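Student: Let me begin by handing over the structure; questions about it come next.
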Amino acid sequence: MMDSFYLAWRYIVFNRIKTITLVLCISLVSFLPFALKILLNESEHQLMSRAITTPLLVGAKGNSLDLVMNSLYFSKEKPDFISMKAIEKVMDSYLAVPIPLYTRFHAREYPIVGTTLDYFEFRKHKVAEGRSFAMLGESLIGADVAARLNLKVGGSILSSPENLFDLAGVYPLKMKVVGILQKTNSVDDKAVFVDLKTTWVIQGLGHGHQDVKKIADESDVLSRSDKLVTTSTKIKQYTEINVDNLGSFHFHGDPSIYPLTAIIAVPNDKKSATILSGRYLSEQKNQQIVRPKKVIEDLLGNIFQIKEFIDAVVLIVAIAMVLAIFLVFSLSFRLRQKEISTILHLGCSRSTVVQLIGAEILIIAVFSGMLCFSSLLVLQYFQGEIVHQLFIS
Amino acid sequence: MININSLELSYGTDEFRLSIPQLKIESTEKVAIIGPSGSGKTTLLKLISGIIQPQRGRVEIGEVAINELSDPQCRDYRVSNIGYIFQDFELLDYLNVQDNILHPFRITQSLKIDNQVRDRVKSLAEEMGIADKLKRLTNNLSQGEKQRTAICRAMITAPKLILADEATGNLDPSNKTKILDALFRSTDKNKATLIAVTHDHELLDRFDRVIDFKQFCDGESV
């Protein structure tokens, strides 16, 4: 038996290109359905786990999937904005506790999530180092952000401009890192949390600048009266908020119309949730309330329908591949007919010939299995990241 | 001693017909078989080795009637007692010289590779002048080296009967003499019988006997 494996091994090594091609083909065909299953299971797990723990979401009317994906997974799809008035509506109902979210901006590739401290209590997140944000311009970063950007408490992170070519756009804001969240194995690990007002400062709704009453260079002042001072654009705008300039930061306009992307509504009980949902259905023309679980279930339903189609395609490809492999082997044996007849002439039995061929097929199958298995292990290791890239971001 | 009696074999509808009323070859005899192409020289070697079976007649090697053995018995007998040198070497290109020589041992349960066999490979390779080529793949060998490897493979089981089908056919004159010398040396050492099909008439003097296959067309006994 060992001699059969030895001879088969020598043949396989000699014909390594053919062997590698066969091993790759078999591995790929075996890998695809398993990989698909792993990725779909992980996507189901990732999508559902967060959706289940988020009872209701209030947002602008429109695509409910965009609203859920943006609010739960901070994806790049941006739903229309709602105003701060929506918070009051939820509060005034006494049916749920509102947690506002504003997820428009990014710091490098990481989303900046403007919210309140209720968010961390709701998600049961703990601060691993430092503290939660307490004042304008402070940030609490996720564990992965800290690890990947090598950020520590006391460091700082810069918001990214929305459009590099918009010269009149808002300047990047340098935010101080005051805390790092414990690892949560969720998208919160890859987010930068700030107070809502900080996101409005990034947007330009609020800003800080040199005190116009104390300008030393009078050439910067265009006009001055008791109530109004008009200055030139040379006046210094602050791009970082610290204790010294905090007082100079102020907001313009009506705060009740400042934007939000969504509100997580945490209802008092099931009945409250039903009543609140009903009110939005009947009263609100510009806003919607959605159950993230239902939206994700619909999404997964679609994904699994696609999976069934992909499974069928993989099956057809697998059958074609098996036929092709059968063809390769039969052509190979036809080409080796002379060799087989030589070993039969030397005195080899037919069963030994079958053993030799079986050993070759077994070695190829074992290598394909090993390659497939190790690829699946690698996929399993990176499944979270891959699913995030494929289905969430 | 090899004894062939009333042997008859035909292919198709009289396209080929071999008829040997009687043929005797003594032990340790070196016999050359000559004859026109298609006269059945290679077929005779295959009949003697049991690779093909006659329609009639009997082929005896010593006490054994090889055409009366079952297929597995015949294969077992062949691999242990007959060394066959094929016309175009029929070496396996994916094995090195050493593995090609050891090949009969790897394809049969009844033969086991041990240190004695490994030593025999070395001594045969030295005898044939290919000791330094044992680890080389056969693709990288000259025609002469390939033929020497094929002879070593035929001799590795120390057979008492060697069947050589055009063993010198593909070689240049100087190599032909060298290969035949090596084959004769090895045959003598083993006290084996040699039956060699050849077209090289200049080498016939070196054999104990020459059988011309033309005679079997007339159904003569030898």
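Student: So which of B:Thr177, B:Thr157 is assigned to a helix (DSSP H, G or I) and more than 20 Å from B:Thr42 (Cα to Cα)?
Tutor: B:Thr177
Student: Let me ask something else. Counting just the residues of the range B:106-139 that are of a type in the set (A, V, I, L, M) and assigned to a helix (DSSP H, G or I), which one comes out surrounded by the most Cβ atoms within 10 Å (Cβ to Cβ)?
Tutor: B:Met128
Student: List the number of the failed condition for B:Asn170; all other conditions in (1) modelled with pLDDT under 90; (2) under 30 Å from B:Leu23 (Cβ atoms); (3) touching a Leu at 6+ places or on another chain (Cβ under 8 Å); (4) not in a helix (DSSP H, G or I) hold.
Tutor: Only one criterion in (1) modelled with pLDDT under 90; (2) under 30 Å from B:Leu23 (Cβ atoms); (3) touching a Leu at 6+ places or on another chain (Cβ under 8 Å); (4) not in a helix (DSSP H, G or I) is unmet by B:Asn170, namely (3).
Student: Within the range A:9-40, can you find the residues that are modelled with pLDDT of 90 or more, surrounded by fewer than 19 Cβ atoms within 10 Å (Cβ to Cβ) and within 14 Å of chain B (Cβ to nearest Cβ)?
Tutor: A:Trp9, A:Arg10, A:Val13, A:Phe14, A:Asn15, A:Arg16, A:Ile17, A:Thr19
Table: residues versus (1) closer than 24 Å to B:Leu203 by Cα; (2) within 14 Å of chain A (Cβ to nearest Cβ).
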{"site": "B:Leu134", "(1), (2)": "no, no"}
{"site": "B:Thr149", "(1), (2)": "yes, yes"}
{"site": "B:Ile162", "(1), (2)": "yes, yes"}
{"site": "B:Thr168", "(1), (2)": "yes, no"}
{"site": "B:Lys176", "(1), (2)": "yes, no"}
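Student: Only one of these is crowded, with 17+ Cβ neighbours inside 10 Å, at pLDDT 90 or above and not small (Gly, Ala, Ser): A:Leu356, A:Leu346, A:Leu362. Name it.
Tutor: A:Leu356
Student: Check whether at least one residue in the range B:47-56 is on the phi > 0 side of the Ramachandran plot and buried (at least 20 other Cβ atoms within 10 Å of the Cβ), and report yes or no.
Tutor: Yes, because at least one residue in the range B:47-56 is on the phi > 0 side of the Ramachandran plot and buried (at least 20 other Cβ atoms within 10 Å of the Cβ).
Residue-by-condition table, conditions (1) touching a residue at least 12 places away in the same chain (Cβ under 8 Å); (2) basic (Lys, Arg); (3) in a helix (DSSP H, G or I); (4) assigned by TED's automatic domain parsing to the domain that holds A:Val378:
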| residue | (1), (2), (3), (4) |
| --- | --- |
| A:Phe31 | yes, no, yes, yes |
| A:Ala35 | yes, no, yes, yes |
| A:Met69 | yes, no, yes, no |
| A:Lys76 | yes, yes, no, no |
| A:Met91 | no, no, yes, no |
| A:Val113 | yes, no, no, no |
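Student: Of all the strands (runs of 3 or more DSSP E) wholly in the range B:1-105, which have at least 2 residues that are more than 16 Å from the chain's Cα centre (by Cα) and within 20 Å of B:Phe213 (Cα to Cα)?
Tutor: It comes to B:2-11, B:16-25, B:56-61.
Student: Report, by residue number, each residue of the range A:332-350 that is more than 9 Å from chain B (Cβ to nearest Cβ) and part of a helix (DSSP H, G or I).
Tutor: A:Ser332, A:Phe333, A:Arg334, A:Leu335, A:Gln337, A:Ile340
For (1) within 11 Å of another protein chain (Cβ to nearest Cβ); (2) under 30 Å from A:Ile17 (Cβ atoms); (3) at pLDDT below 90, each residue gets a yes or a no:
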{"position": "B:Gly62", "(1), (2), (3)": "no, no, yes"}
{"position": "B:Ala65", "(1), (2), (3)": "no, no, no"}
{"position": "B:Ser80", "(1), (2), (3)": "yes, no, yes"}
{"position": "B:Gly83", "(1), (2), (3)": "yes, no, no"}
{"position": "B:Asp93", "(1), (2), (3)": "yes, yes, no"}
{"position": "B:Asn100", "(1), (2), (3)": "yes, yes, no"}
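Yes/no matrix, rows are residues, columns are (1) of a type in the set (A, V, I, L, M); (2) in contact (Cβ under 8 Å) with a residue 40 or more places away in the chain:
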residue: B:Ile107; (1), (2): yes, no
residue: B:Ser110; (1), (2): no, no
residue: B:Ile113; (1), (2): yes, no
residue: B:Leu137; (1), (2): yes, yes
residue: B:Lys160; (1), (2): no, yes
residue: B:Gly169; (1), (2): no, yes
residue: B:Asp181; (1), (2): no, no
residue: B:Ser186; (1), (2): no, yes
residue: B:Lys214; (1), (2): no, yes
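Student: Let me ask you something else. Of the numbered conditions (1) within 14 Å of chain B (Cβ to nearest Cβ); (2) at pLDDT 90 or above, A:Asp66 fails exactly one; give the number of that condition.
Tutor: Of the numbered conditions (1) within 14 Å of chain B (Cβ to nearest Cβ); (2) at pLDDT 90 or above, the odd one out for A:Asp66 is (1).
Student: Here's another thing I want to ask about it. How do the pairs read when you match residues in the range A:327-349 that are among the β-branched types (Val, Ile, Thr) with residues anywhere that are modelled with pLDDT of 85 or more, using Cβ under 7 Å and keeping only pairs 6 or more apart or on different chains?
Tutor: A:Val328/A:Leu22; A:Ile340/A:Val353; A:Thr342/B:Phe86; A:Thr342/B:Glu90; A:Ile343/A:Val353; A:Ile343/B:Ile107
Student: Would you say A:Ser43 is among the hydroxyl-bearing types (Ser, Thr, Tyr), surrounded by fewer than 20 Cβ atoms within 10 Å (Cβ to Cβ) and either in a helix (DSSP H, G or I) or modelled with pLDDT of 90 or more (or both)?
Tutor: The answer is no for A:Ser43.
Student: What is the number of the single condition among (1) more than 18 Å from B:Arg148 (Cβ to Cβ); (2) within 9 Å of another protein chain (Cβ to nearest Cβ); (3) touching a helix residue (DSSP H, G or I) at 6+ places or on another chain (Cβ under 8 Å) that B:Asp76 does not meet?
Tutor: Checking B:Asp76 against (1) more than 18 Å from B:Arg148 (Cβ to Cβ); (2) within 9 Å of another protein chain (Cβ to nearest Cβ); (3) touching a helix residue (DSSP H, G or I) at 6+ places or on another chain (Cβ under 8 Å), the one that fails is (3).
Student: I've got another one for you. Please verify whether B:Thr42 is under 26 Å from B:Lys189 (Cα atoms) and within 14 Å of chain A (Cβ to nearest Cβ), treating the condition exactly as stated.
Tutor: yes
Student: Quick one: which residue in B:Thr28, B:Thr108 is away from chain A (no Cβ under 14 Å), of a type in the set (S, T, N, Q) and under 30 Å from B:Ala131 (Cβ atoms)?
Tutor: Step by step, each of B:Thr28, B:Thr108 is checked, and only B:Thr28 is away from chain A (no Cβ under 14 Å), of a type in the set (S, T, N, Q) and under 30 Å from B:Ala131 (Cβ atoms).
The values are calculated or read from the model by the stated rules, or taken from the named source; none is laboratory data. Only a predicted model underlies this, so the values are computations on that prediction, with no experimental measurement involved. FYI the Cβ positions are ideal-geometry reconstructions off the backbone, even for glycines, and counts take in every protein chain you see.
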